[in-house]
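Worksheet: one structure, shown below.
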Number of protein chains: 2
Amino acid sequence: MAPKALDYDSLNENVKKVQYAVRGELYLRASELQKEGKKIIFTNVGNPHALGQKPLTFPRQVIALCQAPFLLDDPNVGLLFPADAIARAKHYLAMTSGGLGAYSDSRGMPGVRKEVANFIERRDGYPSDPEVIFLTDGASKGVMQILNTIIRGEGDGVLVPVPQYPLYSAAISLFGGSLVPYYLEETANWGLDVNQLRQSVAQAHSKGITVRAMVIINPGNPTGQCLSEANLREILHYCYQENLVLLGDEVYQQNIYQDERPFISARKVLMGMGPPVSKEVQLVSFHTVSKGYFGECGQRGGYFEMTNIPPKTVDEIYKVASVSLSPNVPAQIFMGLMVNPLKPGDLSYEQFIRESKGIIESLRRRARMMTDGFNSCKNVICNFTEGAMYSFPQIRLPPKAIEAAKKAGKVPDVFYCLKLLEATGISTVPGSGFGQKEGVFHLRTTILPAEEEMPEIMSSFKKFNDEFMEQYDDHSGYSRL
Amino acid sequence: MAPKALDYDSLNENVKKVQYAVRGELYLRASELQKEGKKIIFTNVGNPHALGQKPLTFPRQVIALCQAPFLLDDPNVGLLFPADAIARAKHYLAMTSGGLGAYSDSRGMPGVRKEVANFIERRDGYPSDPEVIFLTDGASKGVMQILNTIIRGEGDGVLVPVPQYPLYSAAISLFGGSLVPYYLEETANWGLDVNQLRQSVAQAHSKGITVRAMVIINPGNPTGQCLSEANLREILHYCYQENLVLLGDEVYQQNIYQDERPFISARKVLMGMGPPVSKEVQLVSFHTVSKGYFGECGQRGGYFEMTNIPPKTVDEIYKVASVSLSPNVPAQIFMGLMVNPLKPGDLSYEQFIRESKGIIESLRRRARMMTDGFNSCKNVICNFTEGAMYSFPQIRLPPKAIEAAKKAGKVPDVFYCLKLLEATGISTVPGSGFGQKEGVFHLRTTILPAEEEMPEIMSSFKKFNDEFMEQYDDHSGYSRL
Ligand SMILES: Cc1ncc(COP(=O)(O)O)c(C=O)c1O
Ligand SMILES: Cc1ncc(COP(=O)(O)O)c(C=O)c1O
């Protein structure tokens, strides 16, 4: 038979080029082991509820009522739901055009987009326009849509931090563009050096690639750093000079574990720079209901906000969004609930604060436990997780371990992570899945395992690691970084 | 300033080429009129809840409990929820890995995929494998993913019925492929003639296009026809001969309004043909929770099932699905509820049957009212809506109307539909948005307006149409079809 269109050999080559390590070899092996009955600690994906983080009560009450609006007519509704949840459910139902079962406008419901704009205004102190805020099925879908709009072919480059969250490399492959890496400085707490950017752009240029856009992830995944205002200003200035669209992935803006560098949005910094920069730099900022104290990953809710994007382009983005009709409506309401939280005096306010603070404070403690745990291990060094949900320790593999990996036909960090998985059930992602400098190795874990399990996990990690290092150490010494 | 990446002129050309009439000029004008206070009857999108179709009670009870699982521990839960909804909520929660707020496997939850496989087995009488069933955020996303996997460039053609649902033309443009039209025969009740296919493929070939896939929409949108078993067999045989992947869009399989031609799935026909055809033809079938008696468009739930697709290709499709992490979990549960409905004897069964039958029987009456209404109008002829949710009358525009349209700078059917909108508030989609033969004009409406409003809508349509025809008729006679 002749080859068919869905035979492997005849698939779209860009599809084949896509790599996505977060659910790659390690994850598949972990799933197998789980099926065989081994206890697996899944720290490969930032999926808080899967590791025991409880959903906030109030948003879930509201969404339950929105899904079952007939309960609002039931005389017993007050026995199961507080009055403010009932009121809020009515508020959102009134925004829909036929409840949660009707397609909304393809940009999302106007009422929720207005709530998002109000949130941004309160956060940044600059006005925000709901007409350029689009709701999406999670931030991933938004990022993909914007990259698809920008990328025309191999000659179009996108600056992406390395290490990076592999959504970016995957989407750039899928749309046939070129990833232009810029390295974050591990020894400078994963800081971003604008000279690095210049070098990367020059190098791309020499290969015939025009860099058209730049991605920042702030707070960082997998690196956990928070960008300072000064650093953001440099970046924006650079984008202005080089005519780059800035994609600001700010999904972890609520996940901050130190006080020296609070989250500051790229948009706020841009607005503060004044014209011409504030009027010229094209910026798209992304947010989600998956992270922060919501952690509602499975609901698939997000938004992007466009700054300085011409109306004709906004129309094109709207048109393409229309092709898949509308983002899911329940998650639009979650987004509304996230950006328009309860206020002091509201009936459920105390509970909401107790729950949300509890989550963030525990994450803060866990960030510390993990960093300290890693730094207590032989040949492991780890920057503190300032924000986001990840720890990204460097694993200084002895030459003998690298040799053993080669013999086993594995990339060295994959070799290490597989052994870790088999020995302890801890399912991590090798650093090579995010990009790292040549000859330097990492792994990524989330800081999400339950706080009470953390000491045991870290000690089982230490036991594995220190034995591994002992086994492969030839005591000759080797270089780091 | 130099052009920036998100300036209109520098966007991805494929994005600009996308057309999506369902939410195009007519929809935008209708939205404007609505803002100005005019009553608009939105019949442009198959969005049943937006036009008053009530959600089924039982699935909404189950999902409300899944969203608020703490209710299951409340002693009062039985006052608001029946026991079978409580049991079913527990059933689905047990399938999740952390409730509705956790990302699921990127293919969807194994438990729901098993329920889908069981449904397909019961429906078709052939075994179905959950490993090749992927859940999606609505059928649209599935269709787009499969087309993206197939299309490598302009040289790759996809056979699409004309008239068609514009998701197909839009996605093919976006991914840079070539749409190869095959015309449905209006005079043969929108039947599909395999000779037509041959001609279309030959014509494409002469332009250097290799046809790799074929789309069927059964029941049809916008045309409303149901394909017969014999016709499906011819199509599959043709796909076998020509090595075409068949994409079977079967989202309207529950929307059937006559008894002569019940829905039969492409997969069932394929399996019935026996080897070699049944072993060779690559088939992807799509379904959704948006249509049928669920009509849960806003939830964004769907699935696709792959037949005869090599495992390596399935792996690639899984990998790309992973990039956006997981389909939304609540809609996965809606899918479970749809394919695994209540059974006789279940506590809520009577109510479920009453509600679901009520919906389909009313749609059946409305299909008839609309067809008859259109056929009673001057210069309008309309095939009966055998299935799906649409009426697609041919509007025989007099030459003077076509001239007037030209003067107004409008495509003739757009001209007619705009006048209809302004005069009556009925928001339709011009036939040109779906494709039609040169010089023949149509419009599409859904059959979804409330049954009690239907007589008034049809008489206001007739009044407008007959006056329009009177105004432009020069009584000289003109040809049809
Ligand atoms: C940096 C970053 N961006 C975007 C996302 C996507 O999140 P979602 O699609 O759930 O909103 C993630 C998820 O882990 C992430 O880490
Ligand atoms: C023929 C056809 N296919 C697919 C879809 C997409 O439906 P959804 O994405 O809501 O599942 C529609 C929606 O109207 C349709 O008419």
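The values are calculated or read from the model by the stated rules, or taken from the named source; none is laboratory data. Quick caveat, the model's predicted, so the values are computed rather than measured. Every residue, glycine as well, gets a Cβ built from its backbone with ideal geometry; the counts of neighbours run over all protein chains shown. Ligands, DNA and RNA are excluded from the accessible area calculation, which covers all protein heavy atoms including side chains. Shrake-Rupley method; radii C 1.70, N 1.55, O 1.52, S 1.80 Å.
Structure notes:
- Which numbered condition residue B:276 fails, given (1) within 15 Å of ligand 2 (Cβ to nearest atom); (2) farther than 23 Å from residue B:217 by Cα; (3) not hydrophobic (A, V, I, L, M, F, W, C): (1)
- Residue within the stretch A:29-36 that is more than 7 Å from chain B (Cβ to nearest Cβ) and crowded, with 19+ Cβ neighbours inside 10 Å present: yes
- Looking across the stretch B:143-164, the residues that are within 16 Å of ligand 2 (Cβ to nearest atom) and either within 14 Å of another protein chain (Cβ to nearest Cβ) or open to solvent by less than 10 Å² (accessible area, probe 1.4 Å) (or both) come down to B:143, B:144, B:145, B:146, B:147, B:148, B:158, B:159, B:160, B:161, B:163, B:164.
- Among the residues listed as A:259, A:193, the single one being more than 14 Å from chain B (Cβ to nearest Cβ), without any contact (Cβ under 8 Å) to a residue 24 or more places away in the chain and under 24 Å from residue A:289 (Cα atoms): A:259
- Search result, residues across the stretch B:172-181 that are at the interface with chain A (Cβ under 10 Å from one of its Cβ atoms) and surrounded by fewer than 24 Cβ atoms within 10 Å (Cβ to Cβ): B:173, B:174, B:175, B:176
- Pairs with Cβ under 9 Å, 6+ apart, first in the stretch B:126-142 and open to solvent by 20 Å² or more (accessible area, probe 1.4 Å), second within 8 Å of ligand 2 (Cβ to nearest atom) and modelled with pLDDT of 95 or more: B:141/B:300; B:141/B:302
- Only one entry in A:119, A:134 is more than 16 Å from ligand 2 (Cβ to nearest atom), part of a strand (DSSP E or B) and closer than 30 Å to residue A:69 by Cα, namely A:134.
- Test: residue in the stretch A:212-232 that is over 30 Å from residue A:259 (Cα atoms) and more than 10 Å from chain B (Cβ to nearest Cβ): no
- So residue B:253, is it open to solvent by 10 Å² or more (accessible area, probe 1.4 Å), within 16 Å of ligand 2 (Cβ to nearest atom) and touching a residue at least 24 places away in the same chain (Cβ under 8 Å): yes
- Scanning the stretch B:174-197 for residues that are assigned to a helix (DSSP H, G or I) and modelled with pLDDT under 95 yields a count of 7.
- Meeting the requirement of 3 or more residues that are away from ligand 2 (no atom under 16 Å from the Cβ) and among the charged types (D, E, K, R), the helices (runs of 4 or more DSSP H) wholly within the stretch B:1-102 are B:13-17, B:25-35, B:83-93.
- Unique residue being under 19 Å from residue B:429 (Cα atoms) and either in contact with a helix residue (DSSP H, G or I) (Cβ under 9 Å, 6 or more places away or on another chain) or modelled with pLDDT of 90 or more (or both) when the list is B:24, B:37: B:24
- Residue within the stretch A:332-348 that is within 14 Å of another protein chain (Cβ to nearest Cβ) and farther than 21 Å from residue B:329 by Cβ present: yes
- Enumeration of residues in the stretch A:2-35 that are small (Gly, Ala, Ser), in contact (Cβ under 8 Å) with a residue 12 or more places away in the chain and more than 25 Å from residue B:152 (Cα to Cα): A:30
- Any hit, the stretch A:105-113, residues being within 16 Å of ligand 2 (Cβ to nearest atom), open to solvent by less than 40 Å² (accessible area, probe 1.4 Å) and at the interface with chain B (Cβ under 9 Å from one of its Cβ atoms): yes
- Restricted to the stretch A:392-481, the set of helices (runs of 4 or more DSSP H) holding at least 3 residues that are open to solvent by less than 20 Å² (accessible area, probe 1.4 Å) and over 26 Å from residue A:169 (Cα atoms) comprises A:454-472.
- Subset tally (residues that are within 20 Å of residue B:297 (Cα to Cα) and within 16 Å of ligand 1 (Cβ to nearest atom)) for the stretch A:96-141: 8
- Filter result for residue A:228 (surrounded by fewer than 18 Cβ atoms within 10 Å (Cβ to Cβ) and closer than 19 Å to residue A:124 by Cβ): yes
- Breaking point among (1) farther than 26 Å from residue B:268 by Cβ; (2) within 16 Å of ligand 2 (Cβ to nearest atom); (3) outside any helix (DSSP H, G or I), for residue B:346: (2)
- Annotation: of all residues in the stretch B:315-343 being outside any helix (DSSP H, G or I) and in contact with a Ser or Thr (Cβ under 7 Å, 6 or more places away or on another chain), the one that is farthest from residue B:144 (Cα to Cα) is B:342.
- Restricting B:268, B:319 to residues that are away from every other protein chain (no Cβ under 14 Å) and among the basic types (Lys, Arg) narrows the list to B:268.
- Between A:26, A:6, A:51, the distinction of being buried (at least 19 other Cβ atoms within 10 Å of the Cβ) and over 26 Å from residue A:363 (Cα atoms) belongs to A:6 only.
- Test result for residue A:76, among the polar types (S, T, N, Q) and either in contact (Cβ under 8 Å) with a residue 24 or more places away in the chain or buried (at least 18 other Cβ atoms within 10 Å of the Cβ) (or both): no
- Consider the stretch B:331-380 and keep the residues that are closer than 30 Å to residue B:473 by Cβ and small (Gly, Ala, Ser). The one that is farthest from the chain's Cα centre (by Cα) is B:376.
- Checked against (1) out of contact with any Gly (no Cβ under 8 Å at 6 or more places or on another chain); (2) of a type in the set (A, V, I, L, M); (3) facing another protein chain (nearest Cβ under 7 Å); (4) more than 17 Å from residue A:89 (Cβ to Cβ), residue B:63 meets all criteria but (4).
- Annotation note: of B:100, B:93, the sole residue that is touching a Gly at 6+ places or on another chain (Cβ under 8 Å) and surrounded by fewer than 20 Cβ atoms within 10 Å (Cβ to Cβ) is B:93.
One line per residue, one yes/no per condition, for (1) within 14 Å of chain B (Cβ to nearest Cβ); (2) open to solvent by less than 10 Å² (accessible area, probe 1.4 Å); (3) among the aromatic types (Phe, Trp, Tyr):
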{"position": "A:287", "(1), (2), (3)": "no, yes, no"}
{"position": "A:293", "(1), (2), (3)": "yes, no, yes"}
{"position": "A:323", "(1), (2), (3)": "yes, yes, no"}
{"position": "A:359", "(1), (2), (3)": "yes, no, no"}
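- Scan of the stretch B:1-33 for residues that are within 20 Å of residue B:444 (Cα to Cα) and among the polar types (S, T, N, Q), ordered by number: B:19, B:31
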